[in-house]
Structures are given as structure tokens and as C-alpha cells.
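Visitor: Below are the C-alpha cells for one structure; questions will follow.
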Amino acid sequence: MGVALTRAAQWTTAGSGTGTLEITPLNESLLNEIIKFTESFSNKHPQEAAFIFKEPLEWQTQLEPSAFESGYVVSEKKVQSQETDKDGQPLLLLSGSTIKVRSFAQLSRLLYVAGEKRLKEAQACLQVNRDPIVKILGPGYGTIEGEDMSMLRLLDKVKKDDAADTEMKMKISLLLQQLDMQLLNSSLKQISQ
């Protein structure tokens, strides 16, 4: 996903800022593929969907607390998932207009809740989280200057480390790499038309 966002997505530069993810036909197609992947992730990969991100994906949302129902504790300005990590932290937290999501399961549910606003939510999330793999799996899995060396680093880590989550990270990394290739292929097809 990092390589596709770096190389295929169309970004605008806003003065000295980091730029925004434009809504162009190509970007809309990429976002829709990412949404489709994320929405089906929990059903296709339930164990991986439960994996807790190293850092939450955080962005400014247009969703209101009233949009959330079962599975969430909802107040006037705050929403938190009943699902928590081992330290009791919610896997989804909406406070004011800032949302933090810490698993694919919650990300999938969020897109369902967003309904017609899915595209805007995906755009807002990816605009702020340019290399989401770093937040999901950790800094060792990031894309550096458009080059994805995460699989080589992952193999090194598997040899050195016996951590319980290393296998899960490998599976998620492979799934995200497949998505990245799918996004790149899709963008090449669209550009060549």
C-alpha cells in the first residue's frame, strides 16, 4: 500500500504543506479498492483482523457519534469500542472530530458505519497516514523513498526474533503487499487506457 500511495496516487502540493490526496478518477479507483480490501478483511482474515496496530491510525473524521451503535459506548461527543486491547484501551476511539483506530476489524466496522462517507474517510485517513504500514506493523515495515524492503527486513527479523506476533506480522505484511501490487496494476491499467 505504501508503494502504490507513493508512486501511483496523485497528490497536490499545498504551499509548504505535505499536500492532499486529490479526488481524481485514478485516486478514486485506488481508494475504492482499498475500501473493498478493508471491508472484507475481517471476514477473509479474522485472526489478522484482530491484530492490534503498533500505533493507531488517526485522522479528522466527518462521522458523528450518533452513527455508531452496537459494540460501542457512545456519548454526546465521544465513542469508544467495547473491544479493547490487553491494557483496556479501546480499539476505536472518537473524541470530538479525531478518530483513532487500532485494528483492521475496527477499521472494517468504521467503513460500514461511514456508509456513503466511506470514500471521504479513506481519503482523510490515508492523507494523514501516508505510509499506514508503519503504524500497523511498526517502523521496520515502512516504504523508504518508494522502495519496499519490508519483506527482506521481515525475513531478517524472523531469523533473529522469536516473538509471537512475528508470524502474524508476516501474514499481514504479505496481504498488504498483495494489495499494493493490485493497486499498482490497477493504476497502470487505468493510466494506459
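Visitor: Using θ = phi - 60° and the Karplus curve 6.51 cos²θ - 1.76 cosθ + 1.60, what whole-Hz ³J(HN,Hα) does each residue of region 85-97 get, with Gly and Pro shown as x?
Guide: With coefficients 6.51, -1.76 and 1.60, one gets 7, 5, 9, x, 7, x, 7, 9, 9, 10, 10, x, 10 Hz.
Visitor: Looking only at Cα atoms, what is the convex hull volume of region 29-136 per residue, in Å³?
Guide: Spelled out: Cα convex hull of region 29-136, divided by residues, is 94 Å³.
Visitor: Could you sort 56-65, 106-115 so that the peptide with the highest average Cβ count within 10 Å comes first and the rest follow in order?
Guide: Working: 56-65: 16.7, 106-115: 19.7.
So the order, starting with the most tightly packed, is 106-115, 56-65.
Visitor: Right, something else. Sort region 50-96 into rounded, prolate or oblate with this rule: let a ≥ b ≥ c be the square roots of the eigenvalues of the Cα gyration tensor; rounded if a/c is under 1.5, and if a/c is not under 1.5, prolate when a/b is larger than b/c, oblate otherwise.
Guide: Oblate, since a/c reaches 1.5 and b/c is not below a/b.
Visitor: Within the set Lys54/Lys171; Lys135/Lys189; Lys78/Lys135; Lys54/Lys77; Lys36/Lys189; Lys78/Lys169, which residue pairs have Cα atoms separated by over 20 Å?
Guide: Values: Lys54/Lys171 15 Å; Lys135/Lys189 29 Å; Lys78/Lys135 23 Å; Lys54/Lys77 26 Å; Lys36/Lys189 18 Å; Lys78/Lys169 31 Å.
Beyond 20 Å between Cα atoms: Lys135/Lys189; Lys78/Lys135; Lys54/Lys77; Lys78/Lys169.
Visitor: Tell me, what HN-Hα J-couplings in whole Hz come from the Karplus equation 6.51 cos²θ - 1.76 cosθ + 1.60 at θ = phi - 60° for each residue of region 173-188, using x for Gly and Pro?
Guide: Whole-Hz 3J(HN,Hα) from phi for region 173-188: 4, 5, 5, 6, 5, 4, 4, 4, 5, 4, 5, 5, 4, 4, 5, 5.
Taken together, the values in this text are just the output of simple stated rules run on the coordinates, not laboratory data. Computed from a predicted model, the values in this text were never measured in an experiment. Cβ sites come from the backbone with ideal geometry, for glycine too, and all protein chains shown count toward neighbours.
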